[in-house]
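Each remark here refers to the structure printed beneath this line.
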Amino acid sequence: MAGMLYLVPTPIGNLGDISLRCRQTLEEADFIAAEDTRVTLKLLNHLGIKKSLVSYYEHNKASKGNFILERILNGETCALVSDAGSPAISDPGEDLVKQCAEAGITVCAIPGPCAVITALSISGQSTGRFCFEGFLSTAKKSRREHLEALVSEQRTMIFYEAPHKLPATLEDMAEAFGGDRPISLCRELTKLHEEVIRTTLAEAIEMYKVTPPKGEFVLVVAGAPEIPKEEKTPEDAAAMVLRLMEEGLSRKDAIKQTAQTLDLPKNVVYAAALLVEDN
Ligand code: SAM
């Protein structure tokens with residue numbers, strides 16, 4: 001009979017956050033697949049657990065995935081952990097879950113620490129509807145394209161980001177969403193220096209010019225304000241283009257952003273923008 005795959009979340013900063021069920025699963029599994037065996041060994045030592053470890057990370061997941069799958073099909077139970085938080089969420093695991101599901105293996109996800117949910121719940125932003133956007137690309141062009149696609153997103157948006165990339169990301173976000181868009185910068189969650197800064201994109205940019213960001217961050221950005229249907233007229237479009245240009249956007253970018261935000265055809269916004277310029 002085939003074994004099982006358990007997804008075991010581990011603390012994102014506070015070792016006290018390991019649950020009884022996670023601990024028991026790590027104790028009872030036949031083997032543990034870990035993103036970084038050295039990191040997991042520290043956790044296992046803390047818990048007093050001795051267990052055979054298999055490394056499973058981004059660059060060996062194709063070959064190791066097959067190896068792990070075979071062991072599970074032969075009846076072993078595998079507990080998958082990442083360095084911190086929930087496996088498969090911006091972490092290795094997604095492919096292994098797919099492989100197991102395709103092979104008819106039971107996958108059990110144990111609930112537990114996850115940076116995206118911890119940040120959202122503490123952010124003070126709307127939590128009713130949200131979207132998780134993971135890490136933005138390090139390449140400027142694709143990062144901007146990603147953000148442009150979110151210009152009219154009304155749900156709360158959540159991003160993971162590394163501190164050294166944060167200033168550039170905030171600049172790009174301000175350009176796409178406007179500097180007055182609210183953001184909660186959730187830093188070092190569950191750790192000694194946990195901090196939540198609830199501010200705007202423009203203020204965050206200024207703040208980090210003075211004190212460069214340090215630590216781990218989740219960015220929780222308010223969605224675009226809802227625009228009542230009756231306001232979606234060419235006159236509103238003209239006003240929005242003008243406002244965005246006053247905020248520093250080029251005419252081309254202001255037209256593009258207005259068309260996306262108001263869900264109007266670009267040529268209608270273009271015509272409206274001409275009116276602005278004529279007056
Ligand atoms: N799978 C993990 C989870 O969902 O919790 C996330 C793994 S991802 C590789 C790591 C990113 O999660 C970090 O770059 C940071 O954006 C966020 N993160 C992890 N721990 C954090 C913490 N304690 N405080 C703030 N952000 C954290």
Handout entry: Subset of 141/232; 98/141; 61/191; 141/252; 165/191 violating a 25 Å alpha-carbon distance limit
Key = 141/232; 98/141; 61/191
Exercise for the section: Please give the net charge around residue 40, taking every other residue with its beta carbon less than 14 angstrom from that of residue 40, where Lys and Arg add +1 and Asp and Glu add -1. Expected result: 0
Problem - With DNA, RNA and ligands ignored, accessible area of residue 214 (1.4 Å probe; Å², nearest 10) - result: 150 Å²
Handout entry: Shape of segment 4-113, Cα gyration tensor, a/c cut at 1.5
Key = prolate
Problem - Folded to 0 to 90 degrees: helix 166-177 orientation relative to the chain principal axis, Cα - result: 50 degrees
Completion exercise
Residues whose built amide H sits under 5 Å from the amide H of residue 31, excluding neighbours closer than 5 in sequence, are 77, 79
Handout entry: Relative contact order (%) - segment 1-152, alpha-carbon pairs under 8 angstrom, separation at least six
Key = 34 percent
Completion exercise
Once 263, 83, 172 are ranked on solvent-accessible area with the largest value leading and a 1.4 Å probe, the list reads 263, 83, 172
Completion exercise
Between the alpha carbon centres of segment 1-71 and segment 205-227 the gap in Å comes to 33 Å
Exercise for the section: Grab the DSSP H runs of the chain that are 4 residues or longer, score each as -39,500 (n - 2.57), total them, divide by all residues and round the 222 nm result to the nearest 500 deg cm²/dmol. Expected result: -13000 deg cm²/dmol
Completion exercise
Expressed as a whole-number percentage, the relative contact order of the chain with C-alpha contacts under 8 angstrom and at least six residues apart is 17 percent
Problem - Antiparallel %, DSSP beta bridges [both residues in the chain], to 5 - result: 50 percent
Practice task
Round to the nearest 10 and give me the degree value, 0 to 90, for the angle of helix 234-246's Cα axis relative to the longest principal axis of the chain.
Solution key: 80 degrees
Handout entry: Taking the C-alpha atoms of the chain, convex hull volume expressed per residue in Å³
Key = 151 Å³
Fill in the blank from the handout: Given unit charges at Cβ for Lys, Arg (+) and Asp, Glu (-), the dipole magnitude of segment 103-178 about its Cα centre in debye, nearest 20, is 120 debye
Practice task
Can you pull the one-decimal nm distance between simple spin-label points at residue 131 and residue 210, each 7 Å off the Cα toward Cβ?
Solution key: 3.4 nm
Fill in the blank from the handout: One computes Rg over Rh for segment 165-279 from alpha-carbon atoms, with the Kirkwood Rh, and obtains 1.09
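The values are calculated or read from the model by the stated rules, or taken from the named source; none is laboratory data. All of these numbers come straight from a predicted model, not from anything done at the bench. Quick reminder, even Gly has a Cβ in these numbers, built from the backbone with ideal geometry, and neighbours come from all protein chains shown. Accessible surface is based on the protein model in full, side chains and every heavy atom, while ligands, DNA and RNA are left aside. Shrake-Rupley method; radii C 1.70, N 1.55, O 1.52, S 1.80 Å.
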